[in-house]
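To start, the structure under review is shown below, and the notes come after it.
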Amino acid sequence: MNTGVLLRIESISKSFPGVKALDGVSFDILEGEVHAIVGENGAGKSTLMNILSGVYAPDTGKLYFAGKEVQFKDPRHAQETGIAMIHQELSLANHLSVMENIYLGRLTRNRFGFVNYKEMYKKCKSDLECLGVTDIDPDTLIADLSVSQMQMVEIAKALSFKSKLIIMDEPSSSLTRKETEMLFATINSLKQSGVSVLYISHRMEEIFEISDRVTVLRDGTYIKTLNTKDTNAKELVSLMVGREFNKTFQRKIKKIQDGEKPILEVQGLSYGKKVNNVSFKLYPGEILALTGLVGAGRTELVQTLFGLYRKESGKILLNGKEVEINSPTEAIKHGLGLVPEGRKTQGLFLGMKIRENITMANLPKLCRFLFIESKNEQEKAEYYVSKLRVKATDIEQQVRYLSGGNQQKTIIARWLLNNPKVLFLDEPTHGVDVGAKSEIYEIINNLASEGVGIVLISSELPEVLTLADRILVMHNGRITGELSREEADQEIIMEYATNQLNKEMVK
Amino acid sequence: MLSINQAETSLQKKSKGNLLSKLAKSKEFSVLVALFVLCLVVSLLSPYFLKMQNIFNVLRQISVIGILAVGEALIIITGGIDLSVGSVLGFMGVMTALLAKLHLPPVIIFFAAIIIGSAVSTISGLLTTKIKINPFIVTLGMMSIAKGFSLLITGGMPISIENNITYLGSGYIGPVPVPVIIMFIVAAIGHIFASRTLPGRNIYAVGNNERAAKLSGIRVDRVKIMVFSIMGALCALSGMILSGTLKTAEPTAGSGYEMDVIAAVVIGGASLSGGEGSIIGVIIGAAIMGVLRNSFVLLGVSAYWQVVAIGVVTIGAVALDSLKTKRD
Ligand SMILES: Nc1ncnc2c1ncn2[C@@H]1O[C@H](COP(=O)(O)OP(=O)(O)OP(=O)(O)O)[C@@H](O)[C@H]1O
Ligand SMILES: [Mg+2]
């Protein structure tokens, strides 16, 4: 490893109306190192990265890139200097193809000035293959990809710039283990060739796996930079939250009693190719995890149950009675709730206030003759903002100005407020920091002990292994295995997920 | 934890935040300032502008645009658009005249017209949601259809109206023209509807993120149809006012109004990409359009140039809007 300083960050400050997002942050990034940045939601990580990549200009402070002071006019300028960024929120153009997105603004042209599609297609395919991605055709529209595929495209795009420094703001947040491993292999080979990587993640195990050094930010201030091998998760988290942190959440496994009646029963449900003859039972107070590779059909399954898609066959029984659910509206009336994946695409009303975002699914109950009881609404929103520790100036702030993890918390609040009897959670802690995560686990656990049935989709195995009572593994739209938490571990789940096992072989 | 305490105290502090500074930061405020500046300039150029007589005249002109703009704003907030408002207005003027010919009492005429107008626009709403045709195309078609029917029914000739329904357009309460009062009532109801009620909130939700709205249990199609129905009712109301003012139904009345209306909505701070806008802002936007038109007359700009100018203003307003959204 080379020890030259690639980027020197010198007392950078940045304020937004009502918040000082960064306050005199200084540290160095060395050549060829993987440098992790950690901090709570709203600590200022994304803001700092946006400054390094030319999205924002700092209020005060200086940047020195390879020894020379730089002031970026815009992201393009930063890219030309050698800094590329993978944004926390996907920033791809939905109605363009994968290939066009990757080479946007620098399409290969032939000698007549026309875009040379054939060459670009080849280049794109090889760029994706370097990342181990073989299932994305360069011609596919972004809109047709899954969230994690989009994330892989975003990564491929940043890599294609041939930069000296690549900033990755929670690149792995919707990737499963397998894809994350591909990403890490790529990062390691970048490192070999002398490229530096700034890596943001709330997953501690990733920090320790991939980074050389780690910098902690708290409330917009720089706390410390440590050698990763000289520290541990507990110390990092304590530095992040500013006090001793030793909360580890443990859930007591719920055993299904004999003769207990399921709260939700699904029989032979099918929808298109993604949900294929799925049957399962969910008991009151149980947390049932759905795992599988990305694209296994987990999201489609819960969204079909929630009435977003019209099922082609099968039955849904709630408390033993068959119900017809043709729309989310009806699902909610039956007491179902869904925290959807993809907060920007399916969850948030970006231009609306935190208060309005939190109460959206519950509004009919907060109304009198169609008039919103504003006092009541305000109290409900305020309660959840402080309960989930949403960091914001006030509940009237537009949700677009919150940090990623805090946005996610408002969506969780929306569904907690709704008092569901059955709650589907699709990547509920996406981008949420360690402290808030255990807070949310506690809330989920409490809901379960009140008798709510919970279906959890999570690409984070540790999350599944802490929360779930039972685990269903899906592959290609089918349920390929069922495990109890005791028998589950990383390997077995992976084997089911890739369908290398079937149930008889384990038993 | 430090950060939480900070967040909580700042929460308390901010919720008491001072009203004046909030007002000064609001979008409506900058539009209001623009209106004042415009009025100031016009009154300097033409002393007649601030005469009582002229002020009521301007207000009367604003009223029809203002009423339509309230409905158009609701549609634009959901992310849709209605280009047919002018010709549906004209059509409803003709319908009013026909109903008046039957010697019905004004109250019956009033409600019948509201129902017919609402039905006409509901068709546009149904076509955009159920058959998923772009609202731009649907309402462009509806514009032509409504205009065609107006011409067919009247044979292209104006019909005079002899019925007390004309009071809506030509009446006065004290010195104040009735249309002006109607506009303020519509604006007040519209404002409360948009900001305080469940369907009003749903309109913003749909415009912000349709999929998230659906997943939050909002019946998106219903919301979209509803705003068209409201628009139709307001077209009917404006049709009665406009034909009542002249005591005649002109088959081509209202043509071109969609320009003023959309410009008013966009100037008032609504975004054509949906999800944003306020009724108060839109009414101020309508006032700006009305004052502009009035100033053209006062300053002797030819009628033809006025048409050009309104087009320029509309494009200008929309261009500003799209630059603004691009920056975000
Ligand atoms: N454009 C903006 N306008 C106003 N406030 C902002 C804006 N962007 C960020 N903030 C605020 O600045 C603070 C830092 O936000 P930032 O996005 O950098 O946090 P983060 O460390 O990336 O958090 P997360 O882990 O949740 O992604 C937050 O309090 C956030 O609300
Ligand atoms: Mg962030």
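The values are calculated or read from the model by the stated rules, or taken from the named source; none is laboratory data. From a predicted model like this one, the values you see are computed outputs, not experimental measurements. Here the Cβ positions follow ideal geometry from the backbone for every residue, glycine too, while neighbour counts run over all protein chains shown. For the accessible areas, the whole protein counts, side chains as well, though only heavy atoms, and no ligand, DNA or RNA atoms are used. Shrake-Rupley method; radii C 1.70, N 1.55, O 1.52, S 1.80 Å.
What to note about this one:
- Residues that are within 14 Å of chain B (Cβ to nearest Cβ) and either outside any strand (DSSP E or B) or closer than 13 Å to A:V434 by Cβ (or both), drawn from the stretch A:219-231: A:D219, A:G220
- Annotation note: of B:S160, B:S150, the sole residue that is open to solvent by 10 Å² or more (accessible area, probe 1.4 Å) and among the hydroxyl-bearing types (S, T, Y) is B:S160.
- Residue check, A:K234 under 30 Å from A:E129 (Cα atoms), basic (K, R), assigned to a helix (DSSP H, G or I) and in contact (Cβ under 8 Å) with a residue 12 or more places away in the chain: no
- Any hit, the stretch A:205-215, residues being under 25 Å from A:Q79 (Cα atoms), in contact with an Asp or Glu (Cβ under 9 Å, 6 or more places away or on another chain) and assigned to a strand (DSSP E or B): yes
- Residue among A:N50, A:N41 that alone is under 18 Å from the mean Cα position of the chain (by Cα) and either closer than 28 Å to A:K229 by Cα or in contact (Cβ under 8 Å) with a residue 12 or more places away in the chain (or both): A:N41
- Number of the condition not met by A:L388 [criteria: (1) buried (at least 24 other Cβ atoms within 10 Å of the Cβ); (2) within 11 Å of chain B (Cβ to nearest Cβ)]: (1)
- Take the conditions (1) farther than 25 Å from A:A156 by Cβ; (2) away from ligand 2 (no atom under 16 Å from the Cβ); A:A21 misses just one of them, which is (2).
- Count of the stretch A:196-213 residues, restricted to those that are away from ligand 2 (no atom under 15 Å from the Cβ) and buried (at least 23 other Cβ atoms within 10 Å of the Cβ), is 3.
- Scanning the stretch B:234-249 for residues being under 15 Å from B:V85 (Cα atoms) and surrounded by fewer than 24 Cβ atoms within 10 Å (Cβ to Cβ) gives a total of 0.
- Qualifying residue in the stretch A:420-437 (condition: in contact (Cβ under 8 Å) with a residue 12 or more places away in the chain, among the acidic types (D, E), away from chain B (no Cβ under 13 Å) and under 25 Å from A:G335 (Cβ atoms)): yes
- Looking across the stretch A:25-43 at every residue that is under 26 Å from A:V399 (Cα atoms) and in contact with a Phe, Trp or Tyr (Cβ under 8 Å, 6 or more places away or on another chain), the one that is farthest from ligand 1 (Cβ to nearest atom) is identified as A:V25.
- Within the stretch A:261-269, the presence of a residue that is more than 23 Å from the chain's Cα centre (by Cα), part of a strand (DSSP E or B) and more than 29 Å from B:R219 (Cβ to Cβ) is excluded.
- Within this structure, A:K353 fails the test of being more than 22 Å from the chain's Cα centre (by Cα) and either assigned by TED's automatic domain parsing to the domain that holds A:N50 or more than 16 Å from ligand 2 (Cβ to nearest atom) (or both).
- Extreme residue, modelled with the highest pLDDT, among residues of the stretch A:50-68 that are closer than 15 Å to A:L6 by Cβ and within 15 Å of ligand 1 (Cβ to nearest atom): A:L52
- So A:V34, is it within 16 Å of ligand 2 (Cβ to nearest atom) and either away from chain B (no Cβ under 14 Å) or of a type in the set (A, V, I, L, M) (or both): no
- Matching helices (runs of 4 or more DSSP H) fully within the stretch A:41-110 where at least 3 residues are more than 16 Å from ligand 2 (Cβ to nearest atom) and open to solvent by less than 30 Å² (accessible area, probe 1.4 Å): A:98-102
- In the stretch A:341-356, the residues that are in contact with a Leu (Cβ under 8 Å, 6 or more places away or on another chain), facing another protein chain (nearest Cβ under 9 Å) and buried (at least 20 other Cβ atoms within 10 Å of the Cβ): A:Q346, A:G347
- Under the condition of being farther than 23 Å from A:L472 by Cβ, within 11 Å of another protein chain (Cβ to nearest Cβ) and more than 15 Å from ligand 1 (Cβ to nearest atom), the residues counted in the stretch A:397-416 number 1.
- Residue in the stretch B:257-267 that is surrounded by fewer than 20 Cβ atoms within 10 Å (Cβ to Cβ), under 19 Å from the mean Cα position of the chain (by Cα), away from chain A (no Cβ under 13 Å) and of a type in the set (S, T, Y) present: no
- Counted residues, the stretch B:198-217 - those being hydrophobic (A, V, I, L, M, F, W, C) and at the interface with chain A (Cβ under 7 Å from one of its Cβ atoms): 4
- Residue in the stretch A:438-447 that is touching a Lys or Arg at 6+ places or on another chain (Cβ under 6 Å), assigned by TED's automatic domain parsing to the domain that holds A:R414 and more than 16 Å from A:Y384 (Cα to Cα) present: yes
- Residue within the stretch A:403-422 that is within 16 Å of ligand 2 (Cβ to nearest atom) and open to solvent by 10 Å² or more (accessible area, probe 1.4 Å) present: yes
- Qualifying residue in the stretch A:438-454 (condition: within 16 Å of ligand 1 (Cβ to nearest atom), open to solvent by less than 20 Å² (accessible area, probe 1.4 Å) and either assigned to a helix (DSSP H, G or I) or closer than 25 Å to A:L363 by Cα (or both)): yes
- Residue in the stretch A:182-191 that is assigned by TED's automatic domain parsing to the domain that holds A:K14 and within 16 Å of ligand 1 (Cβ to nearest atom) present: no
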